[in-house]
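Working notes, beginning with the structure itself.
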Amino acid sequence: MVDTSLPNIDPVFPCRDCQAGHMHRDYIAYFTWLGDELISVPDFPAWVCDICGRCEYDENALTRLTLLLSPNAGKTISATRVKAAKSRIKPKVQRSTQPD
């Protein structure tokens, strides 16, 4: 049986800096500070221009990494209810049905 489906190809889009190159998916080192600690992540997904070398880190990967590095990672979150402010109920005024 022959597989006629297209291979899984990452999308390519034009570079915002040079407008001549194309941004291709690549894996590069990512560095960030967490307080006083330097955090390095090897093989981090990014988009790199084949002409000028502009680098944009993958947004989905950054979101996941931010969740992992958050100070509350791994902690259970207690469910707290916010009480709604009680609204004053105004009494209904009876209107007469007869014309004046």
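The values are calculated or read from the model by the stated rules, or taken from the named source; none is laboratory data. Predicted model, so just to flag it, every value in this text is computed and none were measured. Methodologically, a virtual Cβ is constructed for each residue, glycine included, from the backbone with ideal geometry; neighbour enumeration extends over all protein chains shown.
If we keep just the residues of the stretch 49-72 that are within 16 Å of the chain's Cα centre (by Cα) and assigned to a loop (DSSP other than H, G, I, E, B), which is modelled with the highest pLDDT?
The selected residue is D58.
I need the full set of residues from the stretch 15-48 which are more than 22 Å from the chain's Cα centre (by Cα), surrounded by 11 or more Cβ atoms within 10 Å (Cβ to Cβ) and assigned to a strand (DSSP E or B), in order please.
Passing the criteria: only H22.
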